[in-house]
Amino acid sequence: MATTYDFPSDLRAGQEELHQVRAELSALLKRLPWSVEPLDGYSDTGGWRKAERPASPGWTADEQAEVEKLRRREHELAVFVTCHRFWAEVASADRVEARMALKHTPEPPPEPPLDPPPGPAAGQA
């Protein structure tokens, strides 16, 4: 049976934001031209592997700034998650397993309200 870990809420939030930032960065990089700088396209069919690229207009200054902002945030979050004080509480032999558990832990369900909402009592119409 796999060990369950009681991850602190700030560590969970940091990991979740890291997932979101990485997904956003990946989606952005897929939309952008293949080259940061403007470059001509090329076709190399003579090698062992065919390689072709269309001409690239390059990235705009805003696109470069957005990529840099996301990469910087990704780095900050990665450092926060990997250096969190929680890891000192986990035995060194179990840290890899715990880290993988954190990466694949879904968000905890919201806590139910303490008091039931006002309304008619059960069985009354």
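So here's what we get for this one:
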| item | result |
| --- | --- |
| Top-ranked residue of the range 90-108 - restricted to ones that are acidic (Asp, Glu) and surrounded by 11 or more Cβ atoms within 10 Å (Cβ to Cβ), ranked as nearest to the chain's Cα centre (by Cα) | Glu97 |
| All positions within the range 36-65 that are touching a residue at least 24 places away in the same chain (Cβ under 8 Å) and either on the phi < 0 side of the Ramachandran plot or not in a loop (DSSP other than H, G, I, E, B) (or both) | Val36, Pro57, Trp59, Glu63, Gln64 |
| The range 54-86: number of residues that are touching a helix residue (DSSP H, G or I) at 6+ places or on another chain (Cβ under 6 Å) and either open to solvent by less than 40 Å² (accessible area, probe 1.4 Å) or polar (S, T, N, Q) (or both) | 5 |
| Ser43 being in contact with a strand residue (DSSP E or B) (Cβ under 9 Å, 6 or more places away or on another chain), surrounded by 12 or more Cβ atoms within 10 Å (Cβ to Cβ) and either closer than 30 Å to Glu89 by Cα or not aromatic (Phe, Trp, Tyr) (or both) | no |
| Selected residue [touching a residue at least 24 places away in the same chain (Cβ under 8 Å) and either touching a strand residue (DSSP E or B) at 6+ places or on another chain (Cβ under 9 Å) or open to solvent by 80 Å² or more (accessible area, probe 1.4 Å) (or both)] from Arg22, Arg31 | Arg22 |
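The values are calculated or read from the model by the stated rules, or taken from the named source; none is laboratory data. Because the structure is predicted, anything quoted here is derived from the model rather than measured. FYI the Cβ positions are ideal-geometry reconstructions off the backbone, even for glycines, and counts take in every protein chain you see. Surface accessibility is based on the protein's heavy atoms, side chains included, excluding ligands, DNA and RNA. Shrake-Rupley method; radii C 1.70, N 1.55, O 1.52, S 1.80 Å.
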